[in-house]
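Below is one structure, written out as structure tokens; the observations come after it.
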Amino acid sequence: SDPDLVARAQAAKAALGDKVFVLGHHYQRDEVIQFADVTGDSFKLARDAAARPEAEYIVFCGVHFMAESADILTGPDQQVILPDLAAGCSMADMARLTQVEMAWEAMAEAGIAASVVPVTYMNSSADIKAFCGRNGGVVCTSSNAETALTWAFEQHGPDTKVLFLPDQHLGRNTAVLQMGYSLDDCVVWDPHRPHGGLTDEQLRDAKMILWKGHCSVHGRFSPEVVDALRAEIPDINILVHPECRHEVVLKADLVGSTEFIIKTIEAAPAGSAWAIGTELNLVKRLAAAHPDKRIVFLDKTVCYCSTMNRIDLPHFVWAMESLVAGTVVNRIEVDPDTERWALLALERMLALPG
Ligand code: 13P
Ligand code: SF4
């Protein structure tokens with residue numbers, strides 16, 4: 001990266017001192033993550049966001065829904081900054097509050113709403129988290145989806161159903177591969193079709209109502225590339241993120257959040273071979289940090305998460321130097337009513353065991 005920009009970022013960080021707390025998600029570019037005080041998956045970053053109550057500014061190097069969650073979880077005097085407002089998440093955009101409210105109404109008409117617990121993946125807007133908070137639901141991340149679903153299924157006895165937003169793959173992979181539900185227990189609510197494309201009977205029979213959302217990066221890994229890699233490197237271990245499609249996760253050796261992926265590679269013996277199906281910045285960083293292990297990207301045709309990559313050094317320097325000059329740019333601020341209910345759903349998650 002540009003040495004001049006690196007020096008400017010260092011100078012701005014030094015000038016701000018304890019006033020600024022920089023959080024960085026594992027999918028961030030190397031040029032940015034080097035300035036993070038804490039790095040993590042979305043669960044760890046949500047937990048750690050409130051770790052520095054004395055910091056006036058929280059510069060969030062990640063995507064919009066993560067910065068919103070940080071705003072919700074931190075004090076009223078702390079300001080959260082997202083260095084580029086265009087750093088969204090296409091998956092989070094796949095569930096809009098009005099669409100979710102329509103689905104909820106349809107469930108009420110089908111006579112099941114009282115037994116449905118809404119569970120949203122962290123990768124959702126604050127108003128979807130608030131919807132879950134208002135309706136007895138919870139937030140989960142890829143590192144605690146099973147625990148959150150177990151909690152949800154205990155809420156209304158044996159009739160309980162879950163509406164899982166917005167990632168159908170995380171919902172299906174967790175329910176089927178970790179909790180013993182069958183594919184027949186799952187239906188997919190398509191917000192672009194009348195009545196979600198489902199009959200009342202299908203809604204009544206389902207245990208998991210999966211929202212039709214997906215990650216545009218992880219959704220591109222295919223079972224064929226897993227087969228091809230196993231043929232090419234016979235002792236390869238396949239390690240993937242649960243946002244991958246069910247057919248891919250079925251063929252993998254291990255599945256877990258980005259934090260799990262990192263810990264797995266750190267604990268792996270020298271000489272072992274790994275193909276990793278997650279965002280490319282993280283895979284490249286792991287390969288560079290572990291030259292004693294063979295680490296390859298699961299599919300060379302899949303590219304970076306384009307929105308994570310929007311946070312680059314020029315944007316980071318601009319945000320930091322603006323703070324030094326006394327100007328807060330790109331503040332992420334959730335309105336108080338949304339915040340109150342979203343916080344309830346996030347606190348339910350943070351109170352889960354483990
Ligand atoms: P983690 O929950 O593993 O941090 O993943 C977040 C994400 O955006 C994955 O695409
Ligand atoms: Fe969203 Fe996928 Fe990018 Fe994660 S990797 S931020 S889920 S688009």
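The values are calculated or read from the model by the stated rules, or taken from the named source; none is laboratory data. No experiment lies behind these values; they were computed from the predicted model shown. Note that each Cβ is placed from the backbone with ideal geometry, even for glycine, and that neighbours are counted across all protein chains shown.
Just to be sure, is P191 outside the structural domain of R245 (by TED's automatic domain parsing), surrounded by fewer than 22 Cβ atoms within 10 Å (Cβ to Cβ) and at pLDDT below 95? Please lay out each step first, then the result.
Working: outside the structural domain of R245 (by TED's automatic domain parsing): yes; surrounded by fewer than 22 Cβ atoms within 10 Å (Cβ to Cβ): yes; at pLDDT below 95: no.
Here the answer is no, as P191 does not meet what is asked.
Just checking: which of the helices (runs of 4 or more DSSP H) contained wholly in region 237-354 hold 2 or more residues that are within 16 Å of ligand 2 (Cβ to nearest atom)? Walk me through it before giving the result.
Details: elements: 246-251, 258-267, 280-289, 313-324, 336-350.
Qualifying helices (runs of 4 or more DSSP H): 246-251, 258-267, 280-289.
Scan A46, A55, A92, A70 and give me the residue that is more than 16 Å from ligand 1 (Cβ to nearest atom) and not hydroxyl-bearing (S, T, Y). Lay out the reasoning, then the answer.
Details: A46 fails: more than 16 Å from ligand 1 (Cβ to nearest atom); A92 fails: more than 16 Å from ligand 1 (Cβ to nearest atom); A70 fails: more than 16 Å from ligand 1 (Cβ to nearest atom).
Just a single option satisfies the conditions, and that option is A55.
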Q.
For region 202-224, check the following and say yes or no: at least one residue is more than 16 Å from ligand 2 (Cβ to nearest atom), β-branched (V, I, T) and either assigned by TED's automatic domain parsing to the domain that holds S125 or modelled with pLDDT under 95 (or both).
A. yes
Q.
Can you tell me which condition E279 does not meet? The list is (1) touching a residue at least 40 places away in the same chain (Cβ under 8 Å); (2) out of contact with any Phe, Trp or Tyr (no Cβ under 7 Å at 6 or more places or on another chain); (3) under 30 Å from C132 (Cβ atoms), and all the others hold.
A. (2)
(Q) What pairs come out if I take residues in region 25-39 that are farther than 14 Å from E279 by Cα and pair them with residues that are acidic (D, E) whose C-beta lies under 7 Å away, six or more apart or interchain? (A) E31/D312; V32/D312; V38/D48
Q: Only residues that are β-branched (V, I, T) and surrounded by fewer than 21 Cβ atoms within 10 Å (Cβ to Cβ): list them for region 11-38, please.
A: I33, V38
Q: Among the strands (runs of 3 or more DSSP E) lying completely within region 1-64, list those that include at least 1 residues that are of a type in the set (S, T, N, Q).
A: 38-40
(Q) Restricting to region 273-290, name every residue that is within 14 Å of I238 (Cβ to Cβ) and touching a helix residue (DSSP H, G or I) at 6+ places or on another chain (Cβ under 9 Å). (A) W274, A275, I276, G277, T278, V283
Q. Considering region 199-217 alone, what residues qualify as being buried (at least 20 other Cβ atoms within 10 Å of the Cβ) and part of a loop (DSSP other than H, G, I, E, B)?
A. A206, G213, H214, C215, V217
Q: With the checklist (1) buried (at least 23 other Cβ atoms within 10 Å of the Cβ); (2) farther than 30 Å from P353 by Cβ in hand, flag the one item R8 doesn't pass.
A: (1)
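From the list F43, F60, pick out the single residue that is within 19 Å of the chain's Cα centre (by Cα), at pLDDT below 95 and aromatic (F, W, Y). Before the answer, list the steps.
Numbers: F60 fails: at pLDDT below 95.
Just a single option satisfies the conditions, and that option is F43.
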Q) Do you know which of the residues in region 23-45 that are away from ligand 2 (no atom under 16 Å from the Cβ) and touching a helix residue (DSSP H, G or I) at 6+ places or on another chain (Cβ under 7 Å) is nearest to A319 (Cα to Cα)? A) F35
